[in-house]
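Remarks on the structure that follows.
The values are calculated or read from the model by the stated rules, or taken from the named source; none is laboratory data. In this text the structure is predicted, and so the values were computed from the model without any measurement. Neighbour counts are summed over all protein chains in view; Cβ atoms, including those assigned to glycine, are modelled from backbone coordinates with ideal geometry. The area values use the complete protein model at the heavy-atom level, side chains included, leaving out ligands, DNA and RNA. Shrake-Rupley method; radii C 1.70, N 1.55, O 1.52, S 1.80 Å.
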Amino acid sequence: MNSLIERANDALLTLASQVELSFYPHFHLAPPAGWMNDPNGLIFYHGLYHAFYQHHPYDENWGPMHWGHATSQDMLSWQHQPIALAPEDSWDKDGCFSGCAVDDNGVLSLIYTGHVWLKGEGDDSAIREVQCLATSEDGIHFAKQGVVLTPPEGIMHFRDPKVWFEDDYWWMVVGARDSQDHGQVLLYRASSLRQWQFMQVLARADDGMGYMWECPDFFPLGNERILMFSPQGLVATGYRHRNLFQSGVLRGKWQPGADFTPSQPFAELDHGHDFYAPQSLLTPDGRRVIIGWLDMWQSPMPTKADNWCGCLSLPRELSLDPQGQLLMQPLREVAALRQTEQLIAPARLQQRQFLAENCHSLELQLKWDCATSDAEKYGFQLGDNQGNGGRVAVYVDNQANRLILERYYPQHGLTGYRSVSLPVSGLLSLRVFIDSSSLEVFINGGQACMSSRIYPAQHERCLSLFAENGQAQLLAGKFWRLNTGVHY
C-alpha cells in the first residue's frame, strides 16, 4: 500500500492535468493544482531557496493540510518538488499545520504544528495542537521525528512555530490563544530541536487586539527587533483593518533573557485586499525578505473553477530608512525579468491615455506631482473602461487625500477598495507589478504597499492612465513586460 505522501503526489499529478491557466501566475509561486495557503519553511539551503506551503493536493478547497514544496535560485522562478509532509500520524492526522525550516548542522529540519480535531472536522471548540519535527538529508524527502513540544496548561490553540539560532541556543516563537480569548506569542529556548523550555509570554493582546495571534516571526532589523504576526479578531475602524484578518508588526527592543519592549503600536504591513501569514527568511547576502499568502480567508476565490487556488506574494525586502521608517520593497532580483523599457512621456493629463494591451506580466513605474494636480481622481486602470467585465484602478482621490486601490469584478463577487494616506511631500511614486491574477503596488520607495488579487478576462488587460475633473501632473513613467519563461 502506498504511503499517504505517494497517494497525495499521484492525486496532485492527476489534478494538475485539469488546471486551467488563464489566471495562473507568471512570477508568483502557486501550487501545481489544488489548494495553497500560508508560506512555511522559507529558507536558503545548499544553494537553493526552499518554500514550503500549506497545501491540499486532492482538490481546490482547504482540506487536511499537507506541506507543498518548491525550490528556486531567485525566488521568482520556482521548481515544484514532491509533497514534503502528509497528515498520517496520530499527532498530525488532521493536518500538518504551519511552521518553519532550519538548517541543523546540515540537516534540513521542519518544525510544524500537528493538528487533531477532537470533536469532528472544523469544530474549533476541541482541538489538540503540538509542535513536531521532520528531517531530511537530501532536502526533498522528509522523515517525521514526532512531537517535540506540547502546549502549556490552559492553552488549546497553539500553532505556527518559527525557530532560529541565536546566542548559542535555538529559539522558538509560537502563536497562541489564552483562556481569556486574547492572542499571544510564546517564547521557548532549546539546546536541540527536540527538547524545549518555556521562557516567557513574549507579547500578549490588549483588549481589541485580537483573540488569536497566528504565524509569529521574530527577527532583528537594524537596531530593532520586529515581531511580525497575523492577529485574528481586529475590528475595522475607518480605513484600518478592513480585511477579515490582518498581518503586521510590533517594533521594539529585545535581547535573549530580557522582555520584548515594543516602541510603536501595531502597524499593518500591507493595505490591500489580499495579504496574510507572512514569513521571513534571511538571504545569503543578509537581506531580510518576507513572503505572504496573496489571498484572504472567506473571500471569493475564482480560480477554484480552474482546479487550483492560492498563490504567494512577490518576495519583499524589509529595511529601515535613515529616519527609522519601515520600508517594504520588491525583491531586487525582479529587475532581471525586465524586457525592453518603454518610457511614458511627462504630461499634464486631462483624459484617458492608453499605455499597453495584453498586460499579463508587467512592471509599471509612475511619479505624480500631487501638489500641482487638481483632478478629483487620477491614476491608472487595468481593464474594461465600459465597466462591463471588470477592472482594477489605482488612483489619487484628491478630496479624501488618499491613494485608492479599487477593484470591480462583480461577476466574481469581488468589489470595493482599500487605501492609504498620501505622502505629505506632494510627490507620489508608484512601483506596480501586474501578474495574471494579482496586483501589487509599492508606494514611495516602500513606505506603504497594497496587494490584491484581480481577475480580468483576456480582453480586459488594457492598461491606461486617466484624470477626471481637472488635470494631473505626471512627472515620469515607464514600464516593462516581464520575461518570466516560467511554465508549471
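Which ³J(HN,Hα) values in Hz, rounded to whole numbers, follow from the phi angles of the range 117-131 under the Karplus curve 6.51 cos²θ - 1.76 cosθ + 1.60, where θ = phi - 60° and Gly and Pro get x?
Here the 3J(HN,Hα) series is 7, 9, 10, x, 4, x, 8, 6, 6, 8, 9, 10, 10, 9, 9 Hz.
So what are the ³J(HN,Hα) numbers for the range 194-202, from phi and the Karplus equation (6.51, -1.76, 1.60; θ = phi - 60°), rounded to whole Hz, Gly and Pro as x?
Along the range 194-202, the couplings run 9, 9, 10, 10, 5, 9, 5, 7, 5 Hz.
Quick one: which of 193-206, 239-252, 331-344 comes out on top by average Cβ neighbours within 10 Å, and what's the full order, highest first? List each step's numbers first, then the result.
Values: 193-206: 16.4, 239-252: 18.8, 331-344: 13.9.
Peptide ranking by packing, descending: 239-252, 193-206, 331-344.
Check cross-link reach from residue 304 to the lysines: straight Cα distance under 27 Å, and skip same-chain residues fewer than eight apart.
Once the sequence-local lysines are set aside, what remains near residue 304 is 93.
For residue 458, project a label point 7 Å along Cα to C-beta. Then give me every residue of the range 22-44 with its amide nitrogen under 15 Å of that point.
22-24, by backbone N distance to the label point.
Could you work out the local net charge near residue 204, counting Lys and Arg as +1, Asp and Glu as -1, over the other residues with Cβ closer than 14 Å to its Cβ?
Spelling it out: positives minus negatives among the neighbours equals -4.
Per residue, how much accessible area does the chain have with a 1.4 Å probe, in Å²?
39
Using Cα-Cα distances under 8 Å and only pairs 6 or more residues apart, what relative contact order does the chain have, in percent? Show your work: numbers first, answer last.
On the way: 1342 pairs, mean separation 65.1, N = 488.
Relative contact order here is 13 percent.
Calculate the radius of gyration of the Cα atoms of the range 239-348 to one decimal place, then report Dmax, the largest Cα-Cα distance, as a whole number, both in Å.
17.8, 58
Just check the range 285-326 against the gyration tensor rule for me: Cα atoms, a ≥ b ≥ c as the square roots of the eigenvalues, rounded for a/c under 1.5, and otherwise prolate or oblate depending on whether a/b exceeds b/c.
prolate
Name the long-range amide H neighbours of residue 338: under 5 Å, sequence gap of 5 or more, or other chain; modelled H, no Pro or chain starts.
483
I want the local charge near residue 390. Using Cβ-Cβ distances under 11 Å, sum +1 for each Lys or Arg and -1 for each Asp or Glu among the other residues.
Spelling it out: positives minus negatives among the neighbours equals +1.
What distance in nm lies between label points placed 7 Å from Cα along the C-beta direction at residue 180 and residue 345?
Roughly 6.5 nm, to one decimal.
Using 0.36 nm times the number of residues separating residue 194 and residue 282, minus their current alpha carbon distance, what extension gain do you get?
The residue 194-residue 282 span can extend by a further 29.3 nm.
Need one word for the range 59-195: rounded, prolate or oblate. Basis is the Cα gyration tensor (sqrt eigenvalues a ≥ b ≥ c); a/c below 1.5 gives rounded, then a/b vs b/c decides.
oblate
Within 15 Å, Cβ to Cβ, of residue 37, how many net charges do the neighbouring residues add up to if Lys/Arg are +1 and Asp/Glu are -1?
Its environment carries a net charge of -4.
Between residue 165 and residue 74, what length in nm is gained on full extension when 0.36 nm per residue of separation is reduced by their alpha carbon distance?
30.3 nm
Tell me which label goes with the value of Rg/Rh (Cα atoms, Kirkwood Rh) computed from the coordinates here: (1) 1.02; (2) 1.15; (3) 0.97.
(3)
So how do 92, 306 rank on accessible area, 1.4 Å probe, biggest first, that is with the largest at the start?
Ranking 92, 306 by accessible area, largest first, yields 306, 92.
Which of rounded, prolate or oblate describes the range 314-431 when judged by the alpha-carbon gyration tensor and an a/c cut-off of 1.5?
rounded
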